[in-house]
Amino acid sequence: MLTMDDIVREGDPILRQVAEDVQIPASDSDKETLKKMMEFLINSQDEEIAEKYHLRAGIGLAAPQIGVSKRMIAIYLTDDKDKLHQYALFNPKIISHSVEQTYLEGGEGCLSVDRDVPGIVPRQARIKVHAYDINNKEVILRLKGLAAIAVQHEIDHLDGIMFYDRIDKENPFKVPEGALKE
Ligand code: SB7
Ligand code: NI
């Protein structure tokens, strides 16, 4: 199983690389990697397992964060309507998005960042994502709220972008015009 020892921290150049597309149909090895990423997220949200293995809770994970520069992400979160969003995706791509923006009230964190970076991270409020699932099936997801924010955070990792790159340096708490608070 993956533990915090497997998580690449900021400063490692892999987090600044643009990750490679995964060949579809995905290889067994790529599928295994993605399954392990999902297992990490589930473990990290299980109180007992997380305590035993000192896991920091995460709602998403991108392959570069475990040292694999390929376009794979896992999402595991329950939204404000108690809906479980569990996605294991190859080559996720935002194909359209709202003009309206959103942001997490408490800011964002990252398993690859061992410090607090305060500030508003502007995100698109609604996104439509094209990807391939673990069975190589094409999927289209329409997301809003926390799920949309998490997917954007993970796709940013595939493009070498960290959440704090998006915080306004002059005014970290400036609310984007008309943005929805999440
Ligand atoms: C806050 C946290 C995350 C996404 C969006 C808002 C995920 C944190 C875990 N990760 O570092 C995943 O890349
Ligand atoms: Ni992150």
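The values are calculated or read from the model by the stated rules, or taken from the named source; none is laboratory data. Please read all numbers here as calculations on a predicted model, not as lab measurements. Note that each Cβ is placed from the backbone with ideal geometry, even for glycine, and that neighbours are counted across all protein chains shown.
So the values come out like this:
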read-out: Among the candidates GLN152, GLN86, residue that is without any contact (Cβ under 8 Å) to a residue 60 or more places away in the chain, crowded, with 17+ Cβ neighbours inside 10 Å, closer than 15 Å to ILE59 by Cα and under 13 Å from the mean Cα position of the chain (by Cα); value: GLN152
read-out: Residues (within 18 Å of HIS157 (Cβ to Cβ) and in a loop (DSSP other than H, G, I, E, B)) located in the stretch 38-60; value: ARG56, ALA57, GLY58, ILE59
read-out: Those residues of the stretch 161-182 which are more than 22 Å from the chain's Cα centre (by Cα) and closer than 30 Å to SER69 by Cα, in sequence order; value: LYS169
read-out: Residue check, LEU61 modelled with pLDDT of 95 or more and crowded, with 16+ Cβ neighbours inside 10 Å; value: yes
read-out: All positions within the stretch 58-79 that are closer than 19 Å to ARG16 by Cβ, among the small types (Gly, Ala, Ser) and near ligand 2 (Cβ under 10 Å from one of its atoms); value: GLY60, ALA62
read-out: Filtered residue count, the stretch 25-37, keeping only those that are assigned to a loop (DSSP other than H, G, I, E, B), exposed (fewer than 14 other Cβ atoms within 10 Å of the Cβ) and either touching a His at 6+ places or on another chain (Cβ under 6 Å) or not polar (S, T, N, Q) (or both); value: 1
read-out: Exclusive hit being over 23 Å from ILE66 (Cα atoms) and either of a type in the set (Gly, Ala, Ser) or within 12 Å of ligand 1 (Cβ to nearest atom) (or both), set GLY119, GLY109; value: GLY119
read-out: Selection within the stretch 91-118 - in contact with a helix residue (DSSP H, G or I) (Cβ under 7 Å, 6 or more places away or on another chain) and more than 14 Å from ligand 2 (Cβ to nearest atom); value: PRO92, ILE94, THR102
